[in-house]
1. What list of ³J(HN,Hα) couplings, whole Hz, do you get for region 126-136 from phi and the Karplus terms 6.51, -1.76, 1.60, once you set θ to phi - 60° and write x for glycine and proline?
2. How large, in Å, is the chain by the Kirkwood hydrodynamic radius built from its alpha-carbon pairs?
3. Per residue of region 349-357, in order, report the coupling 6.51 cos²θ - 1.76 cosθ + 1.60 (Karplus, θ = phi - 60°) as ³J(HN,Hα) in whole Hz, putting x for Gly and Pro.
4. For THR211, what charge total do you get from the other residues with a beta carbon under 11 Å from its beta carbon, if Lys and Arg give +1 and Asp and Glu give -1?
5. Report the accessible area of ARG109, computed with a 1.4 Å probe over the heavy atoms of all protein chains in place, in Å² rounded to the nearest 10.
6. Binning at 10 Å from 0, report for region 368-478 what percent of all alpha-carbon pair distances ends up in each bin.
7. With contacts defined as alpha carbon pairs under 8 Å and 6 or more residues apart, what's the relative contact order of the chain in percent?
8. Can you give the local net charge around MET316? Use residues other than it whose beta-carbon is closer than 13 angstrom to its beta-carbon, Lys and Arg +1, Asp and Glu -1.
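The values are calculated or read from the model by the stated rules, or taken from the named source; none is laboratory data. Nothing here was measured: the structure is a model prediction, and the numbers come from that model. Cβ coordinates were reconstructed from backbone atoms using ideal geometry, including for glycine residues, and neighbour counts include every protein chain displayed. Accessible surface is based on the protein model in full, side chains and every heavy atom, while ligands, DNA and RNA are left aside. Shrake-Rupley method; radii C 1.70, N 1.55, O 1.52, S 1.80 Å.
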Amino acid sequence: MTTTLITGGTVVSATGRVTADVLVDGERIVAVLAPGSQLLGSDLTASVDTVIDATGKYVIPGGIDAHTHMQLPFGGTSASDTFETGTRAAAWGGTTTIVDFAVQRTGERVQDGLAHWHELAAGNCAIDYGFHQIVGGVDADALAALPGLIDEGITSFKMFMAYPGVFYADDAQILRAMQVAADTGLLTMMHAENGPVIDVLAEQLVDAGKTDPYFHGIARAWQAEEEATHRAIMLANLTGAPLYVVHVSAKQAVEQLATARDKGQNVFGETCPQYLYLSLEEQLGASSEQWGAFEGAKWVCSTPLRARAEGHQDHMWRALRTNDLQMVSTDHCPFCMKGQKELGLGDFRAIPNGIGSVEHRMDLMYQGVVTGEITLERWVELTSTTPARMFGMYGQKGVIAPGADADIVIYDPNGHTSIGVDKTHHMNMDHSAWEGFEIDGHVDTVIARGKIVVDAGRYLGRAGDGRFVKRGLSQYLI
């Protein structure tokens with residue numbers, strides 16, 4: 001087995017930072033040593049295969065993006081990143097594990113949906129991966145299948161209060177599924193938007209000739225997110241099920257989560273980089289010479305980008321500081337403008353919903369450290385440690401400690417990253433949602449289970465490097 005010694009760097013965890021050397025043997029971290037330690041010999045550098053000098057840099061656990069949608073069929077097309085292209089892009093950006101979503105729809109068997117996603121991912125991933133289970137048809141057969149997911153290493157499932165006719169679950173279905181979650185320890189994930197209300201608003205806007213992407217954000221009003229978030233919280237309270245609300249974008253939804261958490265309820269929430277940096281006015285309302293007002297389609301996602309004038313972005317940052325929101329994922333679901341997003345020309349309802357961000361999450365969140373929004377330790381906590389704890393991987397993932405997988409990123413705070421299609425862009429898309437963003441830091445080296453997959457601007461990984469991670473029950477419950 002190959003041995004690697006990382007010397008001179010500052011090892012950052014969720015609880016602090018220390019100058020230390022990290023020894024990797026094969027796929028595992030075997031020691032974290034004080035600089036100059038002779039505990040394992042007087043000249044450790046001479047006895048290992050590879051020495052990496054990390055002086056002046058941060059040594060952090062590999063990023064975990066716990067919300068991605070590779071190859072997801074949606075809106076008459078499919079997400080443009082395959083498991084191969086998407087996980088390769090993730091590795092370039094310092095993410096060493098993703099948790100994607102296996103899909104079951106009405107009339108389909110949960111087991112068949114999961115088997116299909118295993119087929120899509122197996123042998124194609126550059127980094128390790130796990131699955132959540134989408135339950136889009138909550139019937140007796142699906143409910144009976146849920147407990148068996150735990151033995152498969154699938155310990156969380158997602159339902160939708162939006163998208164009637166596609167993934168939508170009504171309150172009675174949600175109640176029954178949450179009862180199963182309460183009995184088994186499965187974590188219920190929820191897309192919390194009032195779908196029927198949104199559909200009426202969207203129809204009224206289109207009938208009034210308001211068809212541009214901007215009106216996607218108007219139709220999906222924050223009241224629809226707050227109401228659904230509150231309803232999900234109350235159903236979780238009634239059943240005793242733990243609840244994890246995905247892609248929170250409205251400050252009012254955060255307030256619902258905070259209130260429930262203050263009462264001791266097992267309720268958690270994630271946000272995404274787009275809700276920290278982007279807005280209804282600037283992105284959904286954008287115009288260009290090529291696309292005109294349809295330019296905003298690049299940023300159509302659900303939940304939608306919110307109005308900066310209403311202060312949602314600042315509130316998201318604050319919620320990350322106060323732990324009213326516990327982590328940051330991407331909801332990576334990319335679509336090209338040509339042939340995909342343009343399906344919605346003339347009707348925003350037909351624009352495939354999704355933004356590509358899996359490559360840039362670690363950088364975008366580090367920029368929050370630079371600007372003083374979060375601490376260095378909180379950066380690691382939000383992007384790696386809490387995802388590992390929330391989804392039953394901590395100890396194996398999310399930490400630099402003996403026995404953990406050697407998923408390690410060496411990050412240079414004195415480096416610089418320019419994001420753009422012709423700059424830093426490995427996702428399978430014809431545009432970047434983050435075009436022109438400048439990051440005061442740089443991913444220098446990425447190690448995934450002991451193998452150097454990115455180093456000094458070179459990609460050294462390959463499809464098949466990643467393995468399926470069987471997850472345990474959540475380690476974050478109160």
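1. Whole-Hz 3J(HN,Hα) from phi for region 126-136: 7, 9, 5, 8, x, 10, 9, 10, 7, 10, x.
2. 22.4 Å
3. Each residue of region 349-357 in turn: 5, 9, 6, x, 7, x, 10, x, 9 Hz.
4. -1
5. 100 Å²
6. Calculated over all Cα pairs of region 368-478, the distribution is 12, 33, 39, 15, 0 percent.
7. 22 percent
8. Spelling it out: positives minus negatives among the neighbours equals -2.
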